[in-house]
Amino acid sequence: MRDAILVVDDQRELRLLIRLSLITLGRVETAASVAEAMAIVHADPPRLMVLDVSLGAESGLALCRALKTDPATSMIRILLLSAHGQQAEVAAGLAAGAERYMLKPFSPSELLAAAAALMA
């Protein structure tokens with residue numbers, strides 16, 4: 001595991017904004033899909049993933065659950081991002097294994113602080 005961050009979001013502009021918000025923490029890679037994220041994770045697991053809950057037709061929650069139940073990837077810290085903030089949705093994200101659940105829109109400084117805390 002390396003001190004890198006992997007941003008997984010299906011929206012290109014949001015991937016770039018998150019990457020720019022977190023670049024001071026170290027190396028930030030991006031992925032647009034579950035398959036792309038899994039290829040990166042299995043090649044060299046990052047320390048932190050910033051993961052969108054809704055990846056088009058794919059589920060960020062399912063990816064989170066899969067990573068947290070696999071001993072080879074369970075140590076990756078996961079920060080979920082979502083536009084859906086109902087209590088049940090937040091609870092589902094945390095139950096899937098995420099360490100943090102943040103709502104969109106977010107402030108870049110709030111995201112940076114949350115990511116820094118998870119990487120500490």
Subject >> Calculated from backbone phi, Karplus (6.51, -1.76, 1.60) coupling profile of the stretch 32-49 in Hz, x at Gly/Pro >> reply: 9, 8, 4, 4, 5, 5, 5, 4, 5, 4, 6, 6, 6, x, x, 7, 9, 10
**OP:** Provide, for q = 0.15 Å⁻¹, the log10 of I(q)/I(0) from a solvent-free Debye sum over equal Cα point scatterers in the stretch 53-120.
**Re:** -0.47
Original post:
What is the stretch 1-46's relative contact order, in percent, from Cα pairs under 8 angstrom and six or more apart in sequence?
Top reply: 51
**OP:** Take every DSSP beta bridge whose two residues both sit in the stretch 7-120, then give the antiparallel share in percent to the nearest 5.
**Re:** 15
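Rounded, prolate or oblate for the stretch 1-68? Axes are the square roots of the Cα gyration tensor eigenvalues, ordered a ≥ b ≥ c, and the cut-off for rounded is a/c under 1.5. Numbers along the way, then the final one.
Values: a/c = 1.94, a/b = 1.15, b/c = 1.69.
Because a/c hits 1.5 or more and a/b fails to exceed b/c, the stretch 1-68 counts as oblate.
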**OP:** Rounded to the nearest Å, what's the spacing between the alpha carbon centres of the stretch 100-120 and the stretch 33-47? Just the number, please.
**Re:** 21
**OP:** Consider just the alpha-carbon atoms of the stretch 32-76 and return their Rg together with their Dmax, both in angstrom.
**Re:** 9.8, 27
**OP:** Scan around Arg27 for amide H atoms under 5 Å from its own, H built in the peptide plane at 1.01 Å from N, and keep only partners 5 or more places away or cross-chain.
**Re:** Ile5
Original post:
Fully extended, how many nm does the chain gain between Met75 and Leu17 (0.36 nm per residue separation, minus their Cα-Cα distance)?
Top reply: 18.3 nm
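Given a cut-off of 25 Å, what percent of all Cα-Cα pairs of the chain lie beyond it?
On the way: 763 of 7140 pairs.
When every Cα pair of the chain is considered, 11 percent fall beyond 25 Å.
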Original post:
For Ser54, which sequence-distant residues (separation of 5 or more, or a different chain) have an amide H within less than 5 Å of its own amide H, given hydrogens modelled in the peptide plane?
Top reply: Gly60
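Any read-out appearing in this document is the output of simple, stated calculations on the displayed coordinates, not a laboratory observation. What you are looking at is a predicted structure, and each value in this text was computed from that prediction instead of being measured.
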